[in-house]
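Chemist: Please find one structure pasted underneath; my questions will follow.
The values are calculated or read from the model by the stated rules, or taken from the named source; none is laboratory data. Model, not experiment: these values are computed from the prediction. Glycine also receives a Cβ, built like all others from the backbone with ideal geometry; neighbour counts cover every protein chain displayed.
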Amino acid sequence: MGNVHELNFLKEKIQGLKDDGVYRKLPVLEGPNEAEIILNGKKVINLSSNNYLGFANHPRLKKASIEAVEKYGVGAGAVRTIVGNMDIHENLEKLLAEFKREEAAFIYQSGFNCNAGTIQAITEKGDLIISDELNHASIIDGTRLSKADKAIFNHSDMDSLEDVLKKNRDKYRNVLIITDGVFSMDGDIAKLPEIVELAEKYEAMTYVDDAHGSGVLGESGRGTVDHFGLHGRVDFSIGTLSKAIGVVGGYVAGSQTMYEWLNHRARPVLFSTSLPPAAVGAITEAVTMLMESTEYTDRLWDNAKYFKAKLGTLGFNTGHSETPITPVIIGDEAKTMEFSRKLLEAGVFVSAIVFPTVPRGTGRVRCMVTAAHTKEQLDRAVAAFEKVGKEMNIL
Ligand code: PMP
């Protein structure tokens, strides 16, 4: 027997990753995450970030962040329930509630924490959670932390959802239907109006994770609920502060009752230090900017439509995305990886997404266009796609 402290059991697993060709080294950015980045020492066009609005390095957010640090310091000093609850945390929650047109909003240190904390706090034994099969990992983990029973419905398949509801509704006290608002690998939008109708028919609660819809869909980026005009009909509306908002954090918007309960039972908030002032200052500025004008979301959509149309004209398969998330579907896993590698050589960083993140044979590079890209950068990226696509006989 080897010495357990040498972690041989992990070394074997790591070797397994290498054997399967999935062991990876992380790309290193030397500088801010923006439309063009210095990656591993080389300047490239960035088509891989979730920085939808270009806020991650925006001068107004940086200024607000510095001001918050000057006034409040670099750390909140404690969990919120002890002495880490600053006025800027509460003001941000009020602003987010106003932005989302809900009674209240409750912030977490990340979108992941928000799902992990909220789902387990609002469900218990005797309840049922029904989740779309393509929901994000943090929803899966939040669901695992709950003592409720779990069921899955086929992706965006309303017959499948209704089947689960019909067979199970009477057996449970509360039923919670969870869906992503925008699905991150294909860019399709949840069928929220139909989900809400089924929820109302079967007296179930609804929970939408709008990580990729917040700052993107609806008026000034108010999200999927706003996009469909469903205010007041979705019980829990989750947003992340780490993607379009450009900083870090997450929140759930909903009723005052929800807020009061989470204040007492959301474990990542009860047992982990609250968001640092630098983050809160920048987030507050970002939400204020969105409420002031549609300039950033308009530019995002303009760029996304421009880029998608150009790729489509060249003959690439961009799937059935309805949002700025633009998959370019290649199919074969190895070919997808090679396509991404060659694009990087040609000056464009776009990550390859393959099995097990997406089904086998549907490998793709996932392009994330942002408001910060110039048309010139997008044209250069399209030219690289054309060159590599022709070289590899994809076009
Ligand atoms: N939900 C979804 C649907 C996501 O895509 C992500 C981020 N990958 C998260 C939650 C987690 O958000 P965060 O990065 O703020 O933790």
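Chemist: For region 50-68, how many residues meet the condition of being outside any loop (DSSP other than H, G, I, E, B) and surrounded by 15 or more Cβ atoms within 10 Å (Cβ to Cβ)?
Modeler: Residues that pass the stated criteria total 6.
Chemist: Could you identify the single residue in GLU133, GLU102 that is more than 16 Å from the ligand (Cβ to nearest atom), farther than 30 Å from ASN33 by Cα and touching a strand residue (DSSP E or B) at 6+ places or on another chain (Cβ under 6 Å)?
Modeler: Residue meeting the stated conditions: GLU102.
Chemist: Quick one: GLU12 ticks every box in (1) more than 23 Å from the chain's Cα centre (by Cα); (2) among the acidic types (Asp, Glu); (3) assigned to a loop (DSSP other than H, G, I, E, B) except a single one, so which number is it?
Modeler: So GLU12 meets the others, but not (3).
Chemist: For region 341-363, give me the residue count where each residue is at pLDDT 95 or above and surrounded by 24 or more Cβ atoms within 10 Å (Cβ to Cβ).
Modeler: Final tally of qualifying residues: 3.
Chemist: Also, I was wondering about something else. Can you name every residue in region 153-175 that is within 16 Å of the ligand (Cβ to nearest atom) and either surrounded by fewer than 20 Cβ atoms within 10 Å (Cβ to Cβ) or under 18 Å from PHE236 (Cα atoms) (or both)?
Modeler: HIS155
Chemist: Check every one of the strands (runs of 3 or more DSSP E) wholly within region 219-333 and list those with 1 or more residues that are closer than 29 Å to GLU34 by Cβ and away from the ligand (no atom under 16 Å from the Cβ).
Modeler: 325-331
Chemist: Here's a check for you: in region 189-218, which residue that is part of a helix (DSSP H, G or I) and in contact (Cβ under 8 Å) with a residue 40 or more places away in the chain is nearest to LEU128 (Cα to Cα)?
Modeler: In this case the residue turns out to be LEU198.
Chemist: Given the criteria in a strand (DSSP E or B), without any contact (Cβ under 8 Å) to a residue 40 or more places away in the chain and in contact with a strand residue (DSSP E or B) (Cβ under 9 Å, 6 or more places away or on another chain), does ILE140 qualify?
Modeler: It is false that ILE140 is in a strand (DSSP E or B), without any contact (Cβ under 8 Å) to a residue 40 or more places away in the chain and in contact with a strand residue (DSSP E or B) (Cβ under 9 Å, 6 or more places away or on another chain).
Chemist: Can you run down the residue pairs with Cβ atoms below 8 Å, 6 or more apart or on separate chains, where the first is in region 287-302 and within 23 Å of ILE107 (Cα to Cα) and the partner is surrounded by fewer than 16 Cβ atoms within 10 Å (Cβ to Cβ)?
Modeler: MET289/ARG60; MET291/GLU98
Chemist: Within region 113-135, is there a residue that is in contact with a Leu (Cβ under 8 Å, 6 or more places away or on another chain), modelled with pLDDT of 95 or more, under 17 Å from GLY249 (Cβ atoms) and not hydrophobic (A, V, I, L, M, F, W, C)?
Modeler: The answer is yes; a qualifying residue exists.
Chemist: Something else now. Please state which of the following conditions ARG366 fails to meet, knowing it meets all the rest: (1) part of a strand (DSSP E or B); (2) in contact with a Phe, Trp or Tyr (Cβ under 7 Å, 6 or more places away or on another chain); (3) in contact (Cβ under 8 Å) with a residue 60 or more places away in the chain.
Modeler: (2)
Chemist: Pick from region 196-218 the residues that are within 16 Å of the ligand (Cβ to nearest atom) and among the aliphatic types (A, V, I, L, M): which of them is surrounded by the fewest Cβ atoms within 10 Å (Cβ to Cβ)?
Modeler: Of everything passing the filter in region 196-218, LEU217 is surrounded by the fewest Cβ atoms within 10 Å (Cβ to Cβ).
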